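Derivation of every value follows stated rules applied to the coordinates shown; laboratory data play no part. Just so it is clear, the model here is predicted, and its values are computed rather than measured. Counting neighbours? That spans all protein chains shown, and the Cβs are built from the backbone with ideal geometry, glycine included.
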Amino acid sequence: MDRGWWIVRGPNGGYVAAVLLRALTAALGDPTRAPRSLTIHYTAPPAEGPVRIETRIERAGRSLTTLSARMTQDGRLLALALAAFSLPRTTGPTLRHARMPAAPSPERCAPMTAPGAPRLPLHERYETRLAVGARPMSGASEALCGGWIRMAEPRIADALAVAAFTDALPPAPYSWASPASPLGQVPTIDLTIHFRCTLPVAGAGPNDFLLAVFRTREGREGFFEEDGEIWTQDGVLVANSRQLAILS
């Protein structure tokens with residue numbers, strides 16, 4: 001666990017998801033089967049330094065393989081993961097009712113982190129530009145946060161990068177919060193990612209932005225959900241995500 005991916009108390013959940021996905025992909029050993037679903041339960045924050053990931057192929061079918069993973073550190077359980085990898089299925093209808101949210105182009109958007117705002121180590125890993133919703137702690141009427149995102153170090157958006165993007169922006173409730181009613185840490189309990197196409201998409205370049213949009217509708221009894229969408233600039237939905245996190 002590299003401190004360069006730290007937020008407040010430990011590493012960002014999207015970074016942990018990408019590390020687990022890399023281990024699962026290596027255990028699968030079949031590049032023709034792309035990740036389709038990844039669910040992670042976060043049980044404890046990792047400390048800086050080595051972790052151990054134990055993987056298991058739970059079932060390998062003709063087109064779908066299901067795997068599990070456990071991340072531990074010094075005997076302490078940090079995360080549990082389940083993943084499904086599959087060949088592309090050529091049968092069945094294509095249904096596309098999702099619509100990309102309206103957003104200005106990246107060139108017209110300001111950086112996500114406002115000048116003078118505190119910066120975390122994670123902020124140095126991405127280039128983000130606010131495109132949808134309001135800035136954190138602005139007291140907006142809606143818990144909505146969306147922006148263009150790409151790696152600070154050029155990299156084509158493969159499945160590992162997209163997994164990291166699903167938890168890379170400020171949590172959606174932060175835009176609803178205000179200085180008079182601030183939020184504290186919001187650790188993730190579980191994160192599910194559905195990869196909607198084989199990644200990287202054809203023609204993707206290392207400097208391309210993706211649009212990541214996250215929305216929260218309910219927060220009660222100390223928990224909130226956050227639904228996310230990741231889009232290419234030309235309107236291809238590459239991933240959906242949903243997480244449950246602590247609201248404090």
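Would you check which residues across the range 55-69 are part of a loop (DSSP other than H, G, I, E, B) and either among the polar types (S, T, N, Q) or surrounded by 18 or more Cβ atoms within 10 Å (Cβ to Cβ) (or both) and list them? Working first, answer last.
Residues of the range 55-69 that are part of a loop (DSSP other than H, G, I, E, B), as a first pass: 61-63.
Of everything in the range 55-69, just one residue is part of a loop (DSSP other than H, G, I, E, B) and either among the polar types (S, T, N, Q) or surrounded by 18 or more Cβ atoms within 10 Å (Cβ to Cβ) (or both), namely 63.
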Starting from residues that are part of a loop (DSSP other than H, G, I, E, B) and polar (S, T, N, Q), keep the ones in the range 157-193 and report whichever is farthest from residue 227 (Cα to Cα).
185
Given the criteria buried (at least 18 other Cβ atoms within 10 Å of the Cβ), of a type in the set (Ser, Thr, Tyr), in contact with a strand residue (DSSP E or B) (Cβ under 7 Å, 6 or more places away or on another chain) and part of a strand (DSSP E or B), does residue 72 qualify?
no
Residues of the range 75-86 being surrounded by 15 or more Cβ atoms within 10 Å (Cβ to Cβ) and either over 30 Å from residue 50 (Cβ atoms) or not aliphatic (A, V, I, L, M) (or both), which ones?
85, 86
Looking only at the range 6-54, count how many residues are farther than 18 Å from residue 199 by Cβ and part of a helix (DSSP H, G or I).
3
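Residue under question is residue 94, and the condition is that it be under 21 Å from residue 231 (Cβ atoms), without any contact (Cβ under 8 Å) to a residue 12 or more places away in the chain and polar (S, T, N, Q); does it hold?
Details: under 21 Å from residue 231 (Cβ atoms): yes; without any contact (Cβ under 8 Å) to a residue 12 or more places away in the chain: yes; polar (S, T, N, Q): yes.
Judged against the criteria, residue 94 is a match.
So, in the range 110-135, exactly how many residues are surrounded by 15 or more Cβ atoms within 10 Å (Cβ to Cβ), out of contact with any Leu (no Cβ under 6 Å at 6 or more places or on another chain) and outside any strand (DSSP E or B)? Spell out the reasoning first.
Quick first cut of the range 110-135, residues surrounded by 15 or more Cβ atoms within 10 Å (Cβ to Cβ) only: 112-113, 122-123, 125-135.
Pick out the ones that are also out of contact with any Leu (no Cβ under 6 Å at 6 or more places or on another chain) and you get 113, 122-123, 125-132, 134-135.
From what's left, outside any strand (DSSP E or B): 113, 122-123, 125, 134-135.
Adding up the residues that qualify gives 6.
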